[in-house]
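For reference, the structure is listed below as structure tokens.
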Amino acid sequence: MATGSVEIVYRGVFQKTLAKNICRGIVFAARKQGKVGIAFSRYSDSPERNGIPAKQFAVVADTDEEMEEYLSRYEPDSNDVTIVADDTLCKGIESWAWNGLQPVNRMLKAGGTLLVTSTRSANSLIRDIHRKGEPFNLAVVKGRASFSGMWVYRDDHTDMRLLGALAKVAPHIVTLDSIVAAINEPKKNDLKAASAKQAYDLVASTTVGANQGNDTVPFRFDLPGWRKMEECLVVGARKVKQEVPGWDGGYVPGRNPTYKKFTTRTLRPVINFDTCTKCTICWMQCPDTAFDITPDGYYDANMEACCGCGICEAVCPVANCVTMVNEEAFTDNQSQWRMWAKDKKTYAAWRVERISLPAVRSHGFQHLGQYAEEIANERR
Amino acid sequence: MQEAKEQASARDFTSPQVLEPWTGIKKVAHEEYYTSGHRTCQGCESAQMMRLLAKAAGPRTIVVGATGCMYVANTTYYSTPWVLPWMHTQLGSAGSAATGTAAGLRALMRKGKMDKEPINVIAVCGDGGGADMGLSAISAALQHTQYNLLVMLYDNESYANTDIQISGSSPYGVNTSFSPPGKLHRIMHKHWKKNTAPMLAVGHPDCRYVATVVASNAVDTLNKVRRALSIGGPTFLHSLNPCPKGWDYDPKYSQQIGELAVETGIWPLYEIEDRKLKMYGKSQHIASGVVKRKPVSEYLLRQGRFAHFTQEDIARVQARTDEMWEKWFLPGVIALSGA
């Protein structure tokens with residue numbers, strides 16, 4: 001007699017199909033075991049937007065009555081397993097305005113397992129994951145975050161591997177046999193079953209102690225109730241300009257303070273101010289108004305506002321002036337221009353070190369046949 | 001202060017603001033009136049279009065927005081990236097809201113309840129709100145020639161906010177939630193994209209300015225907005241906004257996809273001022289024969305929404321695009337040809 005719940009934290013749209021496949025696998029596997037299962041996505045994440053963190057849930061119960069009882073809550077808030085489909089989500093997630101930065105393990109129950117897809121080691125991930133009062137387990141499924149888009153799915157078996165690993169870390173929810181049985185239905189697929197079994201064998205779990213990990217305090221806001229809102233629900237406008245100390249002669253737009261959007265980022269632009277020609281195109285083409293105009297006329301990508309789309313890199317006419325670097329290479333949101341203005345040599349060394357790290361990410365569809373090519377290369 | 005007020009009241013508030021064009025990218029104002037902190041997709045060109053629109057219009061502007069991505073993503077629970085006053089209006093009523101706002105402002109100024117000054121009124125609507133549901137309201141707005149207002153249609157070729165359903169602006173053969181390609185029927189959407197801007201230009205002879213824009217061509221877009229607001233009377237802009245979510249492409253290519261739409265001839269850039277048609281940007285080079293159109297496959301094959309296309313489908317789109325430029329009465333604009 002028990003209920004088990006799994007939460008999947010993923011990148012909106014890019015991993016929507018992936019998360020759906022995992023949920024479906026869990027529910028079908030539960031039914032193979034004679035249990036009841038249900039899957040749903042978090043209503044407040046809809047409509048999903050590219051890259052913005054979203055959640056889906058799969059709940060498994062022994063009986064209908066237990067399931068009904070469990071579902072009489074707004075959303076599963078204490079999960080046995082939290083599957084993190086992209087390791088950059090470990091830095092925290094901000095899905096909507098006023099949500100603040102929510103630790104990725106916030107909805108994980110004590111002793112539960114955080115199951116992360118990553119090429120990084122568990123120790124390196126603990127650096128990013130916010131500390132929790134109770135101990136929990138961290139399990140890593142080795143692999144790149146699998147991103148595709150709305151219509152074309154990147155079928156690289158990440159969904160199957162996560163299902164296999166889930167059977168290992170939470171056998172009380174689903175077993176490997178039931179997962180394999182679910183994968184083989186309606187059509188037998190030995191390759192997919194093999195991927196699940198392999199992940200089951202390979203997944204390693206470590207215990208993260210109480211208060212171990214990232215000790216920064218996540219930013220949060222007090223959500224205004226309707227009594228505190230202005231008449232007619234008028235929302236105060238943003239200021240046209242922010243006054244920033246040490247920024248005289250430059251321009252910083254007045255940004256929305258309650259939604260920062262930077263947890264959407266999986267790649268960040270690193271800028272070579274030495275070769276920048278101040279052509280303005282990155283600033284002009286940025287849909288998120290992320291570029292601050294510096295006092296000396298450069299364009300500094302503000303890391304609180306940048307969501308990492310990569311348009312600046314694509315439109316920059318100077319070779320290697322803007323380079324998108326995997327977000328895992330950074331631990332803060334400091335201004336690159338300030339670093340450069342303070343000490344150009346140190347900045348140059350820092351920049352070279354950062355851009356030497358391969359981005360190893362693709363943000364969805366670029367051309368026909370691309371996913372098949374990439375998967376073939378990864379196998380090799 | 002008193003003097004400034006008298007000057008303001010002396011100004012003819014029924015005339016539009018005079019917004020001179022910016023002569024180059026470095027002359028563009030730094031000030032942002034639509035800023036960071038909107039819950040849009042990475043690489044959202046509709047958000048970029050809002051940003052350009054607000055920047056071009058300047059501080060003395062009121063924006064009303066019909067339901068769509070630019071409503072839902074920009075107003076998540078009591079927060080907003082707008083610096084300008086913005087108000088939501090229902091899906092089909094962008095045109096009526098613009099007319100009402102312009103008329104209301106004028107009445108308040110006439111009665112002395114507000115300082116007399118020209119204020120820009122802009123209504124924004126998506127292709128669902130503008131080209132489908134709100135078309136009649138926009139048509140009515142364009143007939144009210146006594147008011148100065150701009151209707152901006154931001155077109156991402158689907159109902160993108162509700163996860164990509166077909167709209168009247170969806171292109172031929174596209175994959176959407178309502179037209180998934182199947183084994184028996186590969187092409188589920190067989191209509192050609194609605195030609196909204198020329199329809200409104202031809203149908204409303206008193207409308208002084210209609211133009212098509214694309215955010216990838218930023219300076220021209222800014223100046224078209226400034227022209228539309230300065231010329232007086234109701235005006236209309238139709239912008240093509242590549243949508244990384246619904247068109248299914250890597251968000252870093254947003255600007256390039258917009259450029260390709262123009263370079264392949266699929267999205268002609270033109271302005272119609274006082275019933276005179278003028279192509280501009282790369283479309284002008286295409287129309288005058290200086291530059292050849294790129295093959296449409298370069299545009300189509302970069303997007304997952306056309307991933308099911310065969311050579312035959314691509315050839316069909318190419319043929320229709322060729323026809324548009326070679327056979328149409330006004331190449332790229334009016335879908336009529338001589339007998």
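The values are calculated or read from the model by the stated rules, or taken from the named source; none is laboratory data. All figures in this text were calculated on a predicted structure; none of them were measured in a lab. With ideal geometry, Cβ positions are generated from the backbone for all residues, glycine too; neighbour counts draw on all protein chains shown. These accessible areas exclude ligands, DNA and RNA; they are computed on the full protein's heavy atoms, side chains included. Shrake-Rupley method; radii C 1.70, N 1.55, O 1.52, S 1.80 Å.
The single condition among (1) more than 21 Å from residue A:256 (Cβ to Cβ); (2) open to solvent by 10 Å² or more (accessible area, probe 1.4 Å); (3) in contact (Cβ under 8 Å) with a residue 40 or more places away in the chain; (4) within 10 Å of chain A (Cβ to nearest Cβ) that residue B:26 does not meet is (3).
Would it be correct to say that residue B:292 is out of contact with any Leu (no Cβ under 9 Å at 6 or more places or on another chain), assigned to a loop (DSSP other than H, G, I, E, B) and without any contact (Cβ under 8 Å) to a residue 40 or more places away in the chain?
Considered against the rule, which asks whether it is out of contact with any Leu (no Cβ under 9 Å at 6 or more places or on another chain), assigned to a loop (DSSP other than H, G, I, E, B) and without any contact (Cβ under 8 Å) to a residue 40 or more places away in the chain, residue B:292 comes out as yes.
Taken together, A:280, A:323, A:289, A:263 contain a single residue that is within 11 Å of chain B (Cβ to nearest Cβ) and within 22 Å of the chain's Cα centre (by Cα), which is A:289.
Annotation: residue A:110 fulfils all but one of (1) in contact with a Phe, Trp or Tyr (Cβ under 8 Å, 6 or more places away or on another chain); (2) buried (at least 18 other Cβ atoms within 10 Å of the Cβ); (3) of a type in the set (Gly, Ala, Ser); the unmet one is (2). Which members of region B:302-327 meet the condition of being crowded, with 17+ Cβ neighbours inside 10 Å and either under 22 Å from the mean Cα position of the chain (by Cα) or part of a loop (DSSP other than H, G, I, E, B) (or both)? Correct list: B:302, B:303, B:305, B:307, B:308, B:309, B:321, B:324.
Scan region A:1-59 residue by residue and report those that are small (Gly, Ala, Ser) and more than 14 Å from every other protein chain (Cβ to nearest Cβ).
Result: A:2, A:4, A:5, A:19, A:25, A:29, A:30, A:34, A:37, A:39, A:58.
Within region A:273-291, the set of residues being part of a loop (DSSP other than H, G, I, E, B) and open to solvent by 20 Å² or more (accessible area, probe 1.4 Å) comprises A:274, A:275, A:276, A:277, A:278, A:279.
Residues in region B:217-235 that are open to solvent by 10 Å² or more (accessible area, probe 1.4 Å) and within 14 Å of another protein chain (Cβ to nearest Cβ): B:217, B:219, B:220, B:223. Among the residues of region A:23-74, just one is surrounded by fewer than 16 Cβ atoms within 10 Å (Cβ to Cβ) and either part of a strand (DSSP E or B) or outside the structural domain of residue A:148 (by TED's automatic domain parsing) (or both), namely A:40. For region A:133-155, taking the residues that are open to solvent by less than 20 Å² (accessible area, probe 1.4 Å) and either more than 19 Å from the chain's Cα centre (by Cα) or charged (D, E, K, R) (or both), the one that is farthest from residue A:195 (Cα to Cα) is identified as A:136. Just one of the numbered conditions (1) at the interface with chain B (Cβ under 9 Å from one of its Cβ atoms); (2) open to solvent by 10 Å² or more (accessible area, probe 1.4 Å); (3) in contact with a Phe, Trp or Tyr (Cβ under 8 Å, 6 or more places away or on another chain) is not true of residue A:305: (2).
State all residues of region A:87-106 that are part of a helix (DSSP H, G or I) and either free of Cβ contacts under 8 Å to residues at least 40 places away in the same chain or touching a Pro at 6+ places or on another chain (Cβ under 7 Å) (or both); if no residue qualifies, say none.
Of everything in region A:87-106, those that are part of a helix (DSSP H, G or I) and either free of Cβ contacts under 8 Å to residues at least 40 places away in the same chain or touching a Pro at 6+ places or on another chain (Cβ under 7 Å) (or both) turn out to be A:89, A:90.
Screening residue B:192 on (1) open to solvent by less than 40 Å² (accessible area, probe 1.4 Å); (2) in contact (Cβ under 8 Å) with a residue 24 or more places away in the chain; (3) not in a helix (DSSP H, G or I) shows it passes everything except condition (1).
Report, by residue number, each residue of region A:208-226 that is in a loop (DSSP other than H, G, I, E, B) and open to solvent by less than 40 Å² (accessible area, probe 1.4 Å). Break it down into steps so the answer makes sense when it comes.
Of region A:208-226, the ones in a loop (DSSP other than H, G, I, E, B) are A:209-213, A:215-225.
A:209, A:213, A:218, A:224, A:225, listed by residue number.
Considered as a group, the residues in region A:227-256 that are more than 9 Å from every other protein chain (Cβ to nearest Cβ) and β-branched (Val, Ile, Thr) include one that is most open to solvent (accessible area, probe 1.4 Å), and that residue is A:234. Right, residue A:265: open to solvent by 50 Å² or more (accessible area, probe 1.4 Å) and of a type in the set (D, E, K, R) or not? Judged against the criteria, residue A:265 is not a match.
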